[in-house]
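Only one structure is covered here, and it is reproduced in the block below.
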Amino acid sequence: MGILYDLVKEAQCNSEYETNVIQTFEPKIKKSLYLTRMENRDDLEQELKMKVIGYVRDYKLENVPGLFDLNRK
């Protein structure tokens, strides 16, 4: 499977791996922060990282469609 899938799977079993998921998204988060004011960037960065961790914890890996599932649709 994909790298992100494996990271999410590991992070759901062990919370220490959540930092690996955050590091994967860090370049995108940093780039997106340039669209906001300087005084809001630190707070927004923390909020975005918390959201990513929340999504990782709540994501149901068994609901990920396979190739044949996508082909049927």
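For the stretch 1-49, a residue qualifies if it is farther than 22 Å from Leu61 by Cβ, of a type in the set (Phe, Trp, Tyr) and surrounded by 15 or more Cβ atoms within 10 Å (Cβ to Cβ), but none of them does. Do you know which residues across the stretch 1-41 are β-branched (Val, Ile, Thr), assigned to a helix (DSSP H, G or I) and either farther than 13 Å from Tyr55 by Cα or modelled with pLDDT of 85 or more (or both)? Ile3, Thr19, Val21, Ile22, Thr24, Ile29, listed by residue number. Taking the stretch 17-39, which residues are under 19 Å from Asp6 (Cα atoms) and of a type in the set (A, V, I, L, M, F, W, C)? Hits for the stretch 17-39 are Val21, Ile22, Phe25.
The values are calculated or read from the model by the stated rules, or taken from the named source; none is laboratory data. Just so it is clear, the model here is predicted, and its values are computed rather than measured. Quick reminder, even Gly has a Cβ in these numbers, built from the backbone with ideal geometry, and neighbours come from all protein chains shown.
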